[in-house]
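Enquirer: The structure is given below, and queries will be raised subsequently.
Read the figures in this text as sums done on the coordinates, not as results from a lab. Every value quoted in this text rests on a predicted model; they were computed, and no experiment measured them. Cβ atoms come from the backbone with ideal geometry, glycine included; neighbour counts cover every protein chain shown.
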Amino acid sequence: MKEDYEKLLERAIEQIPKAVFESSRFQIPEADVSTVGNRTILRNFKTIATTFNREPEHLMKYLLRELGAAGDIQGAQAVFQGKFSAAAVQDRINRYAEEFVLCKECGKPDTRLEKRERVHVLRCEACGARNPVRGV
Ligand SMILES: [Zn+2]
């Protein structure tokens, strides 16, 4: 009986369009930050980029600019020169999500960044909205 119920639930979940299901569960990831000496390491950097469905380089460029720091991507982590609190890093990640991931119209994360001529556009696959965004 229990098994049947689980199968039924699984099938029900499968039938929900993927985009709808994912966005209803979407949460901005929590930054896993630690400082080592004079550097700040964002341990789950790659995971965050993957969650946002954005190029790691794009996210990194934004973080470097907003933190005003030098740094680079090292494997799954991002390493920044200088000491930054977890809250400071989280704040930039939240703002990145607001500006480059979440649809301005419907608030869903099912978006793509496109470049037309020299204009960057955030296109929403859920509602079809297109909004210009600045470059990083
Ligand atoms: Zn939308």
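Enquirer: Restricting the stretch 103-136 to residues that are out of contact with any strand residue (DSSP E or B) (no Cβ under 7 Å at 6 or more places or on another chain) and either of a type in the set (A, V, I, L, M) or part of a strand (DSSP E or B) (or both), which is farthest from the ligand (Cβ to nearest atom)?
Expert: VAL136
Enquirer: Follow-up question, since we're still on this one. Would you check which residues across the stretch 77-94 are surrounded by 15 or more Cβ atoms within 10 Å (Cβ to Cβ) and touching a residue at least 24 places away in the same chain (Cβ under 8 Å) and list them?
Expert: GLN77, ALA78, VAL79, PHE80, PHE84, ALA86, VAL89, GLN90, ARG92, ILE93 - these are the residues of the stretch 77-94 that are surrounded by 15 or more Cβ atoms within 10 Å (Cβ to Cβ) and touching a residue at least 24 places away in the same chain (Cβ under 8 Å).
Enquirer: Would you say CYS103 is without any contact (Cβ under 8 Å) to a residue 40 or more places away in the chain and within 23 Å of GLU30 (Cβ to Cβ)?
Expert: yes
Enquirer: Another one. Scan the stretch 26-37 and give yes if some residue there is more than 20 Å from VAL136 (Cβ to Cβ) and within 16 Å of the ligand (Cβ to nearest atom), otherwise no.
Expert: Looking through the stretch 26-37, at least one residue is more than 20 Å from VAL136 (Cβ to Cβ) and within 16 Å of the ligand (Cβ to nearest atom).
Enquirer: It is to be established whether one or more residues within the stretch 60-80 are part of a helix (DSSP H, G or I) and under 20 Å from GLU125 (Cα atoms).
Expert: no
Enquirer: Does the stretch 60-76 hold any residues that are closer than 16 Å to VAL133 by Cβ, surrounded by 14 or more Cβ atoms within 10 Å (Cβ to Cβ) and more than 15 Å from the chain's Cα centre (by Cα), and which are they?
Expert: Result: GLU66, single match.
Enquirer: Can you pull out the residues in the stretch 81-102 that are part of a helix (DSSP H, G or I) and within 16 Å of the ligand (Cβ to nearest atom)? Give the derivation first.
Expert: Let us first name the residues in the stretch 81-102 that are part of a helix (DSSP H, G or I), namely 86-101.
Listed by number, the residues that qualify are ALA97, GLU98, GLU99, PHE100, VAL101.
Enquirer: Still on this structure, please answer the following. Would you pick out the residues in the stretch 28-59 that are charged (D, E, K, R), outside any helix (DSSP H, G or I) and touching a residue at least 12 places away in the same chain (Cβ under 8 Å)?
Expert: Here is the first cut: in the stretch 28-59, the residues charged (D, E, K, R) are 30, 32, 39, 43, 46, 54-55, 57.
Remaining after also requiring outside any helix (DSSP H, G or I): 30, 32, 39, 43, 54-55.
Within the stretch 28-59, GLU30, ASP32, ARG39, ARG43, ARG54 qualify.
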